[in-house]
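Undergrad: The structure's right below; bear with me while I get my questions together.
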Amino acid sequence: MKISPIPKTAPFAEDEIEVLNRVVGPASATQRAWLAGFLAGLDAAHAAPQPAAPPQAAEPLTILYATESGNAERLASDVAKSARKLGFKPMLVDMADLELVNLAKARRLVVIASTWGEGEPPARAVHAYAELMGEKAPRLDGVEFAVLALGDTAYAEFCAIGKAIDARLAALGGKRAVDRIDCDLDFAEPAAGWIDATLHALAPPPEARGTVIAVDFAARQPSAPDLGIVEAEITEKIDLNSSRSDKETVHLELALPAGFAYQPGDSLDVYPQNDPTYVDELLQASGLAGDAALREKLIGSRDVTTLSLKTLQSFVAATNHADAKALLDSGNAASWIAGRHLIDLVEAFPAALSAEALEKITRPLGPRAYSIASSQREVSDEAHLLVAAVRYDSLGRQRAGVASSHIADRLTKGEKLRVKLRPNRHFALPAPDKDIIMVGPGTGVAPFRAFVQERRATAAAGRSWLFFGDRGFTHDFLYQLEWQDALEDGALTRIDLAFSRDAPEKVYVQHRMWDARRDLVDWLDNGAYFYVCGDAKNMAKDVRKTLVRALADVKGLVPDAAEAAVRELEKSRRYIQDVY
Amino acid sequence: MNSANDPSRVERIKEASAYLRGTLEEGLRAEVTGAISEDDAQLVKFHGMYLQDDRDLRGERAKKKMEKAFAFMIRVRFPGGICTPVQWHTLAGVARDYGNGTVRLTTRQSVQLHGVIKSNLKSALAAIDGALLATIAACGDVNRNVMCNPNPFQSRAHAAALKTARAISEHLTPRTPAYREIWLDGERIAGGEPDMVEPIYGKTYLPRKFKIAVAVPPSNDVDVYAHDLSFIAIADKRGDVAGFNVMVGGGMGMTHGEPDTYPRTGDLLGFCRVEDAVAAAEAVVTVQRDWGDRSNRKHARLKYTIEDHGLGAFRAEVERRTGRPLDPPRAFAFTSTGDRYGWTQGEDGRSHLTIFVENGRVRDIPGGPRLLTGLARIAERHDADFRFTANQNLIVANVARDRREAIDALVAEHGFANGISGLRRNAMACVALPTCGLALAESERYLPDLLTALEVRLDAHGLADDDVVIRMTGCPNGCARPYLAEIALVGKGPGRYNLYLGAAFDGSRMAKLYAEDLDHDAILAALEPVFAAYARERQNGEHFGDYVIRAGFVSASGNGREFHHDTGAKRRA
């Protein structure tokens, strides 16, 4: 397959484009990243090579981002794009790579920080964050900064990390150029406004502006032209769990439009629809049954389930409901909210709501990202997803995850699903001759199916080792026959399994890692890349802890040295996570 | 291409297995599959396990990108069916932790635990070993569980019979260290000369499975006519066992549509003294080892060896090997093959309670009998032993008189069945679907419903309390010994059965094929007029099996090949 990432419109001669394509087209992710870094460095070392460039260097702007799902990273690149147009020379810094001393050298600093889980920094930013908060953080006198915080009002510690960084930068002597903004899931519009205002506030004097070619950052990923949201037909839908399982994990095959290209490790943003039955109940409880236009809007584009403090506040503001207000003022609202949805609020505090009011207390319905479980080298114009149906009972009501139940319960083969590519260049395969260790229990195995398919298709020389786990061997072994085939044809070298409910003692992937620690360390010493995908709350932490213990045990290291060894793996991008 | 006399595939597997090791250890380590290799699947039987899969799920598995729902059936040997309360507790625990939560009593006094996945096999086997139990030779081409009448109410005769059964079992247990090596992480003991590793069996073991039973007349509960080798205890005037009649060449299995295969009742070979029983057993086993057919597994049981060589030649060879001629068989009389339910009291004053276990399946049925829990509670309080009967029932044995009440209370509390019809208490079914790979039709899951329908008819004819032996199997291999039942249903295909009638109530004569390919309604339609005629025409004390022959519904079945002669309904009711 010939890949021509450099477009014909690039500012090179036709034969030069061909030469570039010959080099860049087959380049691995690592090679491309190196080139990008090299060229950026070249620019930094010399004046802009464009003859039309102004004689003086553009104003540097440091854009620091702490990202988990990629939103902060995308916003950071938006900042860079706009900054260039305004004559800045932007430098994007992933917090994973931050050297604190460099921060002190920055004159202008924009921080885009996500808050993850229960008020935690993104996994890759954990160490730099701790250093920034720690005693050894350098003074930042003379640094002008602005912070954009990303978060989710559905969680109690909304934007906690952005808030903390904002306060810390000021405490270290930085000068706040623009007030922080705290963004919810519907961040696009407020963020765009804030970026514009911030860049103008930080803007250098007009004479510094030169002619800079705006290079779209995303264009560095030639395989990922942004087609926006596409409607993909579901060509296959299979519940991979046995009919005897309590779980339902849907394997979905989507037909993609021409030109839709993705890499192993990328995700798809799925744009779900709400359960019409739930929406009808909500309309009924709000006294709005029969409003067909509102119904359609709520089903298709509003988050009608999430209940947060903010929702409660908006509800009180809209209804002035005395009991709801009392709850809000009581200080018990946070615990009342736990396990409840918007419908519970509306039913608990009956009030006539206007269509506008009901809409206003909801957020826009955001997409849900699912790792792509296939490689295009094997499935060409398809993308496969692995979706666990989330269903549970809370406070006497059956609940379901919006996106997963949309897929599992309400879509059938032949229908369409709205999806958008969400590239994840941090979770990519290494060079083909490198070994990979993949830890992916449950739906965490999805990207590793893509990895194994890719490695089969490319006849990669590196070895592949998968740790998989679920509840039961017999009824929950996702893609069992495919792993058997992969072991047979060599695309997978080894598989170690952990099924938690097969025996009285629960066995998880980290236990199997511990059992295999000698081989594990041997592979890592041999340069293996270590990938973790799946549950962030427990699994990913247990896996990391176990790797530290394994290194300590096998190599006879003290705990701190083993921890440092794992940090070194993280820094060198050989310990890579995609957790949720 | 194999010539007719080449050893069968299984023979070659045994030969190459290094005394049943094969590649089982590697197979256990292959986590990605719940199965083991085809060759190892043959060998694992000798270790007491069958690789099976849940046939109810076969349809959906491939689509869900899963292999068959493989799991193992583990069969635990209980010579004479005797089990201590601690052993029972262990079995129930293994069933709960690693199996499907049920304990299955078999028709040969052993116990089956179903649904044990490969990754749990060693844990299960370790627990079983810890309770001083073993699964080796519970299946495979070896002598299997040695049966013995378990009801010790004739205390002295029973004790002697049991002692012999245990001695034979011990003597004929395979010696290969492979069992400990593979399952119990025992140290590997290398090589060795064949006659040192397996002095009786050698490296290819027996041509086919081998079954031994010991009976204590007048009860023929162990179905002595159905085994390769049986011993019938002959009591002297004081009630002590003087010796045993030796019977050879019984066996149930056959294949539909292959008249060269047939069930057969055993022939009396002679009489031996108690102290000669083990030597006689060894001689019978080794003659079969050397004379049995090793090229055609459907012609490899001892019954075919006897048919082919003749009983006289076989006896002569056995006597040559023991160096001791057998005496002529002595007189004996059996009354029935069934169990005596409820309490019995032994000569020694101890009490024994026989509990009805439908099809041998011990489990808790929501809203029904909770046998699993109930028996666990009894085991906690019981200081003697449990015994498994050849009719898949369970005896709480050797209870002191003053503890009967406490046990009765537990029986009542857990809703153990009582007031069972004469048909149901004489019923047996094999496991069949969904776990047995050989099943052509349902058996254990269907028989209870069929019985309910038949009970309505029997009741209408006033026959509800009459003992009638009925047995069902899902295939013709005969695990529930159907050919020795007065009414037998043998699976032919999904929902279809062949109906046999006319075996002797004491188990000495086989039934005869009466009608073929019957579904549920056809079974009821076929039996209804026979029940009606039996109620009308039977003579005093005449059993159903004898009646249907006298009344001309079927011919009396001859033995061996004659089983297939003169079949079909002879009288239209």
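Quick note: the coordinates plus some simple rules give every number you see, no bench work behind them. Because the structure is predicted, anything quoted here is derived from the model rather than measured. No Cβ is skipped: glycine too gets one built from the backbone with ideal geometry, and neighbour counts run over all protein chains shown.
Undergrad: Work out the FRET efficiency for A:GLU131 and B:ALA62 from their Cβ-Cβ distance, taking R0 = 56 Å, and round it to the nearest 0.05. List each step's numbers first, then the result.
TA: Values: r = 53 Å, r/R0 = 0.94.
With R0 = 56 Å, the Cβ-Cβ based efficiency is 0.60.
Undergrad: Which net charge results when you count Lys and Arg as +1 and Asp and Glu as -1 among the other residues whose beta-carbon is under 12 Å from that of A:GLY339? Let's see the in-between values first.
TA: On the way: positive: A:ARG340, A:ARG397, A:ARG399; negative: A:ASP344, A:ASP393.
Overall, the nearby charge balance is +1.
Undergrad: What value, in deg cm²/dmol to 500, does the helix sum -39500 (n - 2.57) over DSSP H runs of n ≥ 4 give at 222 nm once divided by the residues of chain A?
TA: Values: 23 runs with 227 residues, N = 580.
Calculated at 222 nm, the ellipticity per residue is -11500 deg cm²/dmol.
Undergrad: Relative to the present Cα-Cα distance, how much length would full extension add between B:ASP521 and B:ALA333 at 0.36 nm per residue of separation? Don't jump to the answer; show the numbers that get you there.
TA: On the way: separation 188, 0.36 × 188 = 67.68 nm, distance 3.81 nm.
Between B:ASP521 and B:ALA333, full extension yields an extra 63.9 nm.
Undergrad: In addition: Round to a whole angstrom and tell me the spacing of the C-alpha centers of the stretch A:525-546 and the stretch A:451-514.
TA: The distance from the Cα centre of the stretch A:525-546 to that of the stretch A:451-514 comes to 15 Å.
Undergrad: Okay, moving on. So how much slack lies between B:LEU311 and B:ARG297, counting 0.36 nm per residue of separation and subtracting their Cα-Cα distance, in nm?
TA: Working: separation 14, 0.36 × 14 = 5.04 nm, distance 2.09 nm.
So the chain would gain 3.0 nm between B:LEU311 and B:ARG297.
Undergrad: Give the distance, in whole Å, between the Cα centre of the stretch A:271-322 and the Cα centre of the stretch A:550-579.
TA: 47
Undergrad: Okay, next question. Could you give the nm distance between label points at A:GLN398 and B:ARG561, where each point is 7 Å from its Cα heading toward the beta carbon?
TA: Reported label-point gap for A:GLN398 and B:ARG561 is 6.6 nm.
Undergrad: For A:LYS416, give me every one of the lysines with a C-alpha distance below 20 angstrom, ignoring sequence neighbours fewer than eight places off in its own chain.
TA: A:LYS237, A:LYS297
Undergrad: Which whole-number percent is the relative contact order of chain A (Cα, under 8 Å, 6+ apart)?
TA: Values: 1075 pairs, mean separation 69.0, N = 580.
In percent, rounded to a whole number, it is 12.
Undergrad: Please identify the cysteines of the protein assembly as shown that lack any partner cysteine with a Cβ under 4.7 Å from their own Cβ.
TA: Singleton cysteines: A:CYS159, A:CYS183, A:CYS533, B:CYS83, B:CYS139, B:CYS148, B:CYS272, B:CYS436, B:CYS475.
Undergrad: Here is a further query. Within a Cβ distance under 13 Å of B:LEU311, other residues only, what is the Lys/Arg minus Asp/Glu net charge? Display every interim value, and only then the final one.
TA: Working: positive: B:ARG264, B:LYS303, B:ARG315; negative: B:ASP267, B:GLU307, B:ASP308, B:GLU317, B:GLU319.
Net charge in that neighbourhood comes out at -2.
Undergrad: What FRET efficiency would be calculated for the residue pair A:VAL558, A:ASP525, taking the C-beta separation as r and a Förster radius of 22 Å, to the nearest 0.05?
TA: On the way: r = 18 Å, r/R0 = 0.83.
The pair A:VAL558/A:ASP525 has a calculated efficiency of 0.75.
Undergrad: Return the distance in nm (one decimal) between the two label points of a simple spin-label model at B:ASP402 and B:HIS256, each offset 7 Å from Cα along Cα→Cβ.
TA: The answer from the label model is 5.9 nm.
Undergrad: Need the C-alpha centroid separation for the stretch A:74-89 versus the stretch A:110-140, integer Å.
TA: 22
Undergrad: What distance in nm separates the simple spin-label points at A:ASP280 and A:GLU231, each placed 7 Å from Cα in the Cβ direction?
TA: About 2.4 nm, to one decimal.
Undergrad: For A:ALA293 and A:LYS81, calculate 0.36 nm times their separation in residues minus their Cα-Cα distance, and state this gained length in nm to one decimal.
TA: Details: separation 212, 0.36 × 212 = 76.32 nm, distance 3.83 nm.
That pair, A:ALA293 and A:LYS81, stretches by 72.5 nm at full extension.
Undergrad: Right, another one. Excluding same-chain residues fewer than 8 positions from A:LYS555, which lysines have a Cα within less than 29 Å of its Cα?
TA: Within reach: A:LYS434, A:LYS506, A:LYS537, A:LYS541, A:LYS545, A:LYS571.
Undergrad: First measure r as the distance between the Cβ atoms of B:LYS570 and B:ASP449, then evaluate 1/(1 + (r/R0)^6) with R0 = 35 Å and state the FRET efficiency to the nearest 0.05. Please list the in-between numbers first.
TA: Numbers: r = 29 Å, r/R0 = 0.84.
After rounding to 0.05, the efficiency reads 0.75.
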